[in-house]
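Heads up: the structure comes next, in structure tokens.
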Amino acid sequence: MSVQVTVEPGRLLGMVRARGSIAHRRMTARTRRVANIAAQEAPGRMGDYIDWKVQEGPRGLQGVIVCDHHAVHYVLNGTRPHLIRPRRAKALRFEVDGHVVYTKLVRHPGTRANDFLGRALRLGR
């Protein structure tokens, strides 16, 4: 007596990628872990803007981590030295060593890049 088993690649792939499958659970756990590390590594309150999800990609499941903070581009890539001028007021106001300072121009030295998302990805492996 012989038995023939036919494996349909499309159905097998669907079972592997299905919600609740072992592959989906592992991808969810890893993506959550990396997102939590990114939230800890992020400067200031930027970690509050980090969100994650697992979705179907062109080559299978993929974990996606997103930071929606308005300044994330400047933090990840850094900034060059630049001038800051007032837009709507006559002068800029800020504090230096407890003293209030007014000025029409600030020469900002720039900031170093802080790739906290890449660092979180390396730490979360």
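The values are calculated or read from the model by the stated rules, or taken from the named source; none is laboratory data. Fair warning: this is a prediction, and the values are worked out from it, not measured in the lab. Quick reminder, even Gly has a Cβ in these numbers, built from the backbone with ideal geometry, and neighbours come from all protein chains shown. These accessible areas exclude ligands, DNA and RNA; they are computed on the full protein's heavy atoms, side chains included. Shrake-Rupley method; radii C 1.70, N 1.55, O 1.52, S 1.80 Å.
Ranking His69, Pro86, Ala35 by Cα position along the charge dipole of the chain, where only Lys, Arg, Asp and Glu carry charges on their C-beta atoms, puts Pro86 farthest toward the positive end. Mind sorting out which of [x] 23; [y] 55; [z] 38 is the real percent of Cα pairs over 24 Å apart computed from the coordinates? Given [x] 23; [y] 55; [z] 38, the calculated one carries the label [y].
In the chain, the longest principal axis of the Cα atoms and the axis of helix 22-41 are about 10 degrees apart.
Overall, the chain carries a charge dipole of about 280 debye about its Cα centre when +1 sits on the Cβ of Lys and Arg and -1 on the Cβ of Asp and Glu, all other atoms neutral.
Using a cutoff of 8 angstrom between alpha carbon atoms and counting only pairs six or more residues apart, the relative contact order for the chain works out to 24 percent. Taken over region 40-108, the convex hull of the Cα atoms encloses 162 Å³ per residue. Tell me, what % of the accessible area of the chain is carbon and sulfur with a 1.4 angstrom probe? Roughly 52 percent, rounded to a whole number. Averaged over its residues, the chain has an accessible area of 82 Å² per residue, based on protein heavy atoms and a 1.4 Å probe.
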